[in-house]
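Taking it in order: structure first as structure tokens, then the write-up.
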Amino acid sequence: MANVKMVTRSVIGTHAKVMIVDLVNGTTSIQELNVSGKLTDKEKVLKAVQKIADNETQKVVAVQEFSSFNTLYGMPETMFMELAQPLPELEAKRAEYAENKAKKAQEQ
């Protein structure tokens, strides 16, 4: 099999086990969720998890435990190009860099 070019990215995040109240039937459950970033304070973890999990039917009320993780993700370059969105500000910076480099070369 041919060597497939991969686009990779290391992601640092926080894995949390949280207590969630179901507001419809009044039951509680423990769920495991991941949030981006290495969080070291229980209150910060709670706020981050609430942002992604709270809605009209459920509310995160407590963090039972949490830990950080560092995972390497990857996908074939062709799939990345199909799914990713170009970043226009990065393209503008590259064009500006190339323009400045050309001007400096002319000055020398």
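Here the sum of -39500 (n - 2.57) over DSSP H runs of 4 or more residues, divided by the residues of the chain, equals -11500 deg cm²/dmol at 222 nm, to the nearest 500.
About the Cα centre of the chain, what is the dipole size in debye to 20, counting +1 per Lys and Arg Cβ and -1 per Asp and Glu Cβ, all else neutral?
Details: 14 positive and 14 negative charges, 75 e Å.
About 360 debye.
Projected onto the charge dipole of the stretch 6-107 (+1 at Lys/Arg Cβ, -1 at Asp/Glu Cβ, origin at the Cα centre), which of Ser10, Leu39, Gln106 gives the Cα projection farthest towards the positive end? Ranked along the dipole, the leading option is Gln106. Between helix 42-53 and the chain, what is the angle of the helix's C-alpha long axis to the longest principal axis, kept within 0 to 90° and rounded to the nearest 10? Relative to the chain, helix 42-53 is tipped by roughly 80 degrees.
The share of Cα pairs per 10 Å bin across the chain, counted from zero up to the longest distance, runs 12, 24, 21, 22, 12, 6, 2, 0 percent. To the nearest 10 degrees, how steep is helix 88-107 against the longest Cα principal axis of the chain, on a 0 to 90 scale? It works out to around 30 degrees.
Values in this text are rule-based calculations from the coordinates and carry no lab data. What you are looking at is a predicted structure, and each value in this text was computed from that prediction instead of being measured. Backbone-built Cβ (ideal geometry, glycine too); neighbour counts: all protein chains shown.
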